[in-house]
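The values are calculated or read from the model by the stated rules, or taken from the named source; none is laboratory data. Bear in mind that the values here come from a model prediction, so they are computed numbers and not experimental data. So basically every Cβ, Gly included, is an ideal-geometry build from the backbone, and we count neighbours across all protein chains shown.
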Amino acid sequence: MIFASNSHPRPARRRFALLATLVLLLAFAALCTRAAQSAAEVSGAPGGTATPSGFESQGMWVWYVSKSNRGNVAQIIERAKRSRVGTVYIKAGDATTTWSQFTSSLVDALHAGGLKVCAWQFVYGNAPYKEAGVGAASVAKGADCLIIDAEGQYEGKYASADRYMRKLRSQIGADFPVALAAFPYVDYHPGFPYSVFLGPGGAQFNQPQMYWKTIGTSVRNVYAHTYLYNRIYSRPIYPIGQTYEAPKKRELKRFRRFALSYGAGGVSWWSWQETTGREWGTLGKKVGRIAGFQPSTALPLLKKGSRGDMVVWAQEHLLGAGQSTLPVTGIFGAQTYNAVVAFQQQSGLYADGQIGTDTWVALLRSTPVPVQWGARATTSTARSIAARPGGASAPLSAGIPAVRDELGSGQAR
């Protein structure tokens, strides 16, 4: 070891102290920058919501409490802590039925063990007001958040989604944290009412069911596909991965690493009762981001002929941007094309009449004007659909069938 001369010890010490302080300040600034970047990535697009307690930590979904460590709450808490699980998602209802396993005493016991508790319910859309009551009941029992598990049964049911969300918010308040857990591939489901569930007054968080093995793809591809289309809804994305169907250990790690690389604050897993000891051990290990990986920031392209809920969402934003005569149909026709051209011209963008990444970024800065699909119809004219409540129970695109159910039908809830 070589020691420097100590002929001028005080100035040397001052310089060393200043240098150390500068290094610490630079490190702090870098951390702040990364935190800001992560927040922007999580929101996916302008308009994202701050993360509440519960979503940012690793989570595990519980279908049946009795089949999760045999219902032993102390063991559930111990298992969760060993595997770095901070939030448990427990089924609280199905359709209009409240599940007896979700109780205030269970929530209190899990809270006492240091866990956050999110209630989740599977919804069908046949009795939306009663389903909203089931969700509200679980909130009243002390849940930290509520998850809406809506899948194929909700295809095309815009009025039901609208009624469910408005009734639910009237009971639990506008700010209680709610997430949507639905199909990950938005482009496969043109008739699904994402724009209602994730729109104004809807869920503040998006938890797509990104079951790569079930879908038949890779971890990398499931992230790329899901994020490309889900970002436009401007909600923080918290991926749900799978421990069922015995995925490889390296895939579980990779799923967590991609989540960090995409800026997701936390991931959760389906499901507790199907997670093996080997998988629990893998979830408990520390992981880092994918070295050198930068996720794409591209957004989907919409143009003449495009159909589906993404078009509904774009049309509602065009209304918010001042294109007040545009009907919300979910069909990208001549009127939508003209509205896009007018918006691009007023925004200083290349006016090609297509909604690509640059146009999306500008368009998402406007506040969408949602249609109250669940309101009683007053007229059937296209103008009324766009300009005031009522007028239609669903956009024209609601009847378009799904490309396919990428999740399959084997995981009934």
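Would you mind finding the one in A321, A314 that is under 28 Å from I400 (Cα atoms) and touching a strand residue (DSSP E or B) at 6+ places or on another chain (Cβ under 7 Å)?
Details: A321 fails: touching a strand residue (DSSP E or B) at 6+ places or on another chain (Cβ under 7 Å).
Just one listed residue meets the conditions, A314.
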Any residue at all in the range 162-176 that is touching a residue at least 60 places away in the same chain (Cβ under 8 Å), in a loop (DSSP other than H, G, I, E, B) and assigned by TED's automatic domain parsing to the domain that holds W269? no
Single residue of the range 97-139 satisfying the filter (touching a Phe, Trp or Tyr at 6+ places or on another chain (Cβ under 7 Å) and among the small types (G, A, S)) that is farthest from P177 (Cα to Cα): G125
Is one or more of the residues making up the range 265-288 within 16 Å of the chain's Cα centre (by Cα) and over 17 Å from P184 (Cα atoms)? yes
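In the range 94-107, what residues are on the phi > 0 side of the Ramachandran plot and buried (at least 18 other Cβ atoms within 10 Å of the Cβ)? Even if it seems obvious, please write down each step before you answer.
Filtering the range 94-107 down to residues on the phi > 0 side of the Ramachandran plot leaves 95.
Of everything in the range 94-107, nothing turns out to be on the phi > 0 side of the Ramachandran plot and buried (at least 18 other Cβ atoms within 10 Å of the Cβ).
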Could we say that V134 is hydrophobic (A, V, I, L, M, F, W, C) and touching a residue at least 40 places away in the same chain (Cβ under 8 Å) here? yes
Answer yes or no: is there a residue in the range 241-248 that is within 26 Å of Y154 (Cα to Cα) and touching an Asp or Glu at 6+ places or on another chain (Cβ under 6 Å). yes
Note: among F183, F122, just one is touching a residue at least 60 places away in the same chain (Cβ under 8 Å), in a strand (DSSP E or B) and of a type in the set (A, V, I, L, M, F, W, C), namely F122
All conditions in (1) in contact with a Ser or Thr (Cβ under 9 Å, 6 or more places away or on another chain); (2) part of a loop (DSSP other than H, G, I, E, B); (3) farther than 26 Å from G408 by Cα are true of P190 except (3)
